[in-house]
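Asker: Right, I'll just put the structure down here and ask away after.
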Amino acid sequence: MHEWALAEAVVSTALKAAEKERLQEITKIKIVMGELQQIDAEIFASALKEVILPQKETLKNAKIEIKAEKAVFKCRVCQHIWTFAEATNQLNEEESESIHFIPEISHCYLRCPQCKSSDFEVIKGRGVWVDSIEGEQ
Amino acid sequence: MDPRLEIIDERLKEIKRVIAITGGKGGIGKSLVASTLALTLSKSNNYRVGLLDLDFSGPSTDLILGIEGIYPKEEKGIIPPEIYGIRFMSVIYYAQDNPTPLRGIDVSNAIIELLAITRWGRLDFLIVDMPPGIGDATLDTIRLMKKTQFLTLTTPSIVALGTVKKMLAMLKELNLPIIGIIENMRTAKSPSIEGQINGLDVPYLGAIDFDENLENSIGDKNRLLETAFAQRLREILLRAPQFKLNIVSGL
Ligand SMILES: Nc1ncnc2c1ncn2[C@@H]1O[C@H](COP(=O)(O)OP(=O)(O)OP(=O)(O)O)[C@@H](O)[C@H]1O
Ligand SMILES: [Mg+2]
Ligand SMILES: [Zn+2]
């Protein structure tokens, strides 16, 4: 349940932002979920609910919006661009699990389909990101 | 906003002291000192000790301690497995034996991820084995693990000393706590560096001689603890008030 750790991180971030912006209440949290980290959306959503529960004051009416983002890679050597969907057949279950914990581990197990380099950039869809927080003062 | 940055303090909250083993150059014994220090602290005072290997491109504390076949548990995050009384965290759980060709930004991202998901629990000491120099791991340690104290290593070589001086200058400029400097791999012919670091205002903790038998003891923690290297390190720790080490028999 590594999703739990990330859910806690999202809630901490929201609470910090609320404090900084002097929000009495947070009404919306927009989260982007990068495909590479392969977050289980259901576990993540239920972890979020549970982590939010004790924060009644600030977060009781918060709407959570989760947007999935496809992962895209770009090779630094030959400039080739490809998607995670095209690459997943290179991975066994254990490797895929390792990337779930630390997305950078993809450099151990994935290669550019064109030139076989491991020197690529994840240009989109790496992991969990808080896109925006809305609330009332 | 990167949510991971906000949770790291929380993850480190129950750790009393974080000690990073640093040095300007590679191959000067940082990983040996980090591993032996973790073992010694956990054995001597029943301290609760964690060991974090932040050398992602050349993790070696697992090799030094002969750690194999363990894996963290998932429970609202990652719980580092305990071995020889040490909670041990390293990128090897995920990279296995594969090379990890990471660029700076990736190293930094991986460090943030690891710190954000690892639940150390209560620790007296977290020992951090650093890669050489003042690159990403050092900068992220300074940025993210705010309570880190630095234990610096050098060899008697002018080359190592010159670089470590720069690192110390940086730490001093940032007003970061430096436990002191240990001179490693001293030989009969080496001039002592003690005089050469006088002007730095950094405690000189002592010297460890070059130990010909050390290499043969790597991978076996009992033999490692019996080496002259480990005994000498322990003497240095006993003398250094920062570790409050008790004299316990059976070591
Ligand atoms: N006092 C010593 N006597 C003899 N050999 C030593 C001593 N200290 C370290 N070594 C040896 O030096 C080598 C390098 O040690 P170690 O891996 O701990 O260095 P390091 O500073 O962590 O290197 P890196 O910067 O590459 O991580 C090892 O083979 C180790 O056995
Ligand atoms: Mg090392
Ligand atoms: Zn390529």
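Asker: Within the range B:74-86, does at least one residue satisfy the condition of being open to solvent by less than 20 Å² (accessible area, probe 1.4 Å), within 28 Å of residue B:235 (Cβ to Cβ), within 14 Å of the chain's Cα centre (by Cα) and modelled with pLDDT of 95 or more?
Answerer: Checked against the condition, which is being open to solvent by less than 20 Å² (accessible area, probe 1.4 Å), within 28 Å of residue B:235 (Cβ to Cβ), within 14 Å of the chain's Cα centre (by Cα) and modelled with pLDDT of 95 or more, the range B:74-86 yields at least one hit.
Asker: Further question on the same structure: If we only count helices (runs of 4 or more DSSP H) wholly inside the range A:62-137, which ones have 2 or more residues that are closer than 22 Å to residue A:48 by Cβ?
Answerer: Details: elements: A:84-87, A:93-101, A:106-109.
Because the criterion is at least 2 residues that are closer than 22 Å to residue A:48 by Cβ, the helices (runs of 4 or more DSSP H) in the range A:62-137 that meet it are A:93-101.
Asker: In addition: Pairs, please: C-beta under 7 Å, at least 6 apart or cross-chain, first residue surrounded by 21 or more Cβ atoms within 10 Å (Cβ to Cβ) and in the range A:1-21, second polar (S, T, N, Q)?
Answerer: Sorted first by the residue in the range A:1-21, then by its partner, the pairs are A:11/A:55; A:18/A:58.
Asker: Do the conditions hold for residue B:27, that is, is it within 16 Å of ligand 2 (Cβ to nearest atom), surrounded by fewer than 22 Cβ atoms within 10 Å (Cβ to Cβ) and closer than 17 Å to residue B:207 by Cα? Before you say what the answer is, go through the steps one by one.
Answerer: On the way: within 16 Å of ligand 2 (Cβ to nearest atom): yes; surrounded by fewer than 22 Cβ atoms within 10 Å (Cβ to Cβ): yes; closer than 17 Å to residue B:207 by Cα: yes.
It is true that residue B:27 is within 16 Å of ligand 2 (Cβ to nearest atom), surrounded by fewer than 22 Cβ atoms within 10 Å (Cβ to Cβ) and closer than 17 Å to residue B:207 by Cα.
Asker: Out of A:81, A:29, report the one residue that is touching a residue at least 12 places away in the same chain (Cβ under 8 Å) and either in the same structural domain as residue A:132 (by TED's automatic domain parsing) or farther than 30 Å from residue A:120 by Cα (or both). Walk me through how you get there before you give the answer.
Answerer: Working: A:81 fails: either in the same structural domain as residue A:132 (by TED's automatic domain parsing) or farther than 30 Å from residue A:120 by Cα (or both).
Criteria check complete, one pass: A:29.
Asker: Can we say residue A:45 is more than 8 Å from every other protein chain (Cβ to nearest Cβ), assigned to a helix (DSSP H, G or I) and at pLDDT 90 or above?
Answerer: Numbers: more than 8 Å from every other protein chain (Cβ to nearest Cβ): yes; assigned to a helix (DSSP H, G or I): yes; at pLDDT 90 or above: yes.
Spelling it out, residue A:45 is indeed more than 8 Å from every other protein chain (Cβ to nearest Cβ), assigned to a helix (DSSP H, G or I) and at pLDDT 90 or above.
Asker: Residues that are of a type in the set (Val, Ile, Thr) and in contact with a strand residue (DSSP E or B) (Cβ under 7 Å, 6 or more places away or on another chain): which helices (runs of 4 or more DSSP H) entirely in the range B:172-251 hold 1 or more of them?
Answerer: Working: elements: B:214-217, B:221-226, B:228-239.
Of the helices (runs of 4 or more DSSP H) lying wholly inside the range B:172-251, those with at least 1 residues that are of a type in the set (Val, Ile, Thr) and in contact with a strand residue (DSSP E or B) (Cβ under 7 Å, 6 or more places away or on another chain) span B:228-239.
Asker: Report whether or not residue B:100 is closer than 16 Å to residue B:24 by Cα, polar (S, T, N, Q) and either within 15 Å of ligand 1 (Cβ to nearest atom) or at pLDDT 95 or above (or both). Outline the logic, then answer.
Answerer: On the way: closer than 16 Å to residue B:24 by Cα: no; polar (S, T, N, Q): yes; either within 15 Å of ligand 1 (Cβ to nearest atom) or at pLDDT 95 or above (or both): yes.
For residue B:100, the condition - closer than 16 Å to residue B:24 by Cα, polar (S, T, N, Q) and either within 15 Å of ligand 1 (Cβ to nearest atom) or at pLDDT 95 or above (or both) - is not met.
Asker: Still on this structure, I have one more. Which numbered condition trips up residue B:11, out of (1) within 16 Å of ligand 2 (Cβ to nearest atom); (2) open to solvent by 10 Å² or more (accessible area, probe 1.4 Å)?
Answerer: Condition (1) is where residue B:11 drops out.
Asker: Continuing with this model, one more query. Please state which of the following conditions residue B:97 fails to meet, knowing it meets all the rest: (1) outside any helix (DSSP H, G or I); (2) among the acidic types (Asp, Glu); (3) open to solvent by less than 50 Å² (accessible area, probe 1.4 Å).
Answerer: Status for residue B:97: all satisfied but (3).
Asker: In this structure, does residue A:86 turn out to be open to solvent by 10 Å² or more (accessible area, probe 1.4 Å), of a type in the set (Asp, Glu), in contact (Cβ under 8 Å) with a residue 24 or more places away in the chain and more than 8 Å from every other protein chain (Cβ to nearest Cβ)? Give the steps one after another, and end with the answer.
Answerer: Details: open to solvent by 10 Å² or more (accessible area, probe 1.4 Å): yes; of a type in the set (Asp, Glu): yes; in contact (Cβ under 8 Å) with a residue 24 or more places away in the chain: yes; more than 8 Å from every other protein chain (Cβ to nearest Cβ): yes.
When the stated conditions are applied, residue A:86 passes them.
Asker: Listed residues A:77, A:122, A:32; which is more than 16 Å from ligand 3 (Cβ to nearest atom) and within 12 Å of chain B (Cβ to nearest Cβ)? Walk me through how you get there before you give the answer.
Answerer: Values: A:77 fails: more than 16 Å from ligand 3 (Cβ to nearest atom); A:122 fails: more than 16 Å from ligand 3 (Cβ to nearest atom).
The unique qualifying residue is A:32.
Asker: Quick check on the range B:154-211: of everything there that is of a type in the set (Lys, Arg) and more than 13 Å from ligand 1 (Cβ to nearest atom), which residue is nearest to residue B:143 (Cα to Cα)? Explain how you work it out, then say what you get.
Answerer: Here is the first cut: in the range B:154-211, the residues of a type in the set (Lys, Arg) are B:165-166, B:172, B:186, B:189.
Still in the running and more than 13 Å from ligand 1 (Cβ to nearest atom): B:165-166, B:172, B:189.
Working: B:165: 21, B:166: 19, B:172: 15, B:189: 40 Å.
Here the answer is B:172.
Asker: Report yes if residue B:179 is at pLDDT below 95, among the β-branched types (Val, Ile, Thr) and surrounded by fewer than 21 Cβ atoms within 10 Å (Cβ to Cβ), otherwise no. Working first, answer last.
Answerer: Values: at pLDDT below 95: no; among the β-branched types (Val, Ile, Thr): yes; surrounded by fewer than 21 Cβ atoms within 10 Å (Cβ to Cβ): yes.
In short, no.
Asker: Any residue in the range B:19-32 that's within 14 Å of chain A (Cβ to nearest Cβ): show its pairings with residues that are within 16 Å of ligand 3 (Cβ to nearest atom) and part of a loop (DSSP other than H, G, I, E, B) at Cβ separation under 9 Å, as long as the two are six or more apart or on different chains.
Answerer: Pairs that qualify, where the first residue is within 14 Å of chain A (Cβ to nearest Cβ) and the partner is within 16 Å of ligand 3 (Cβ to nearest atom) and part of a loop (DSSP other than H, G, I, E, B): there are none.
Asker: Can you find a residue in the range A:68-78 that is closer than 28 Å to residue A:44 by Cβ and exposed (fewer than 15 other Cβ atoms within 10 Å of the Cβ)?
Answerer: Kept after step one, since they are closer than 28 Å to residue A:44 by Cβ, are these residues of the range A:68-78: A:68-74.
Pick out the ones that are also exposed (fewer than 15 other Cβ atoms within 10 Å of the Cβ) and you get A:68, A:70.
Yes, the range A:68-78 has at least one match.
The values are calculated or read from the model by the stated rules, or taken from the named source; none is laboratory data. Because the structure is predicted, anything quoted here is derived from the model rather than measured. Every residue, glycine as well, gets a Cβ built from its backbone with ideal geometry; the counts of neighbours run over all protein chains shown. Ligands, DNA and RNA are stripped out before the accessible areas are found, and what is left, the full protein with its side chains, is counted by its heavy atoms. Shrake-Rupley method; radii C 1.70, N 1.55, O 1.52, S 1.80 Å.
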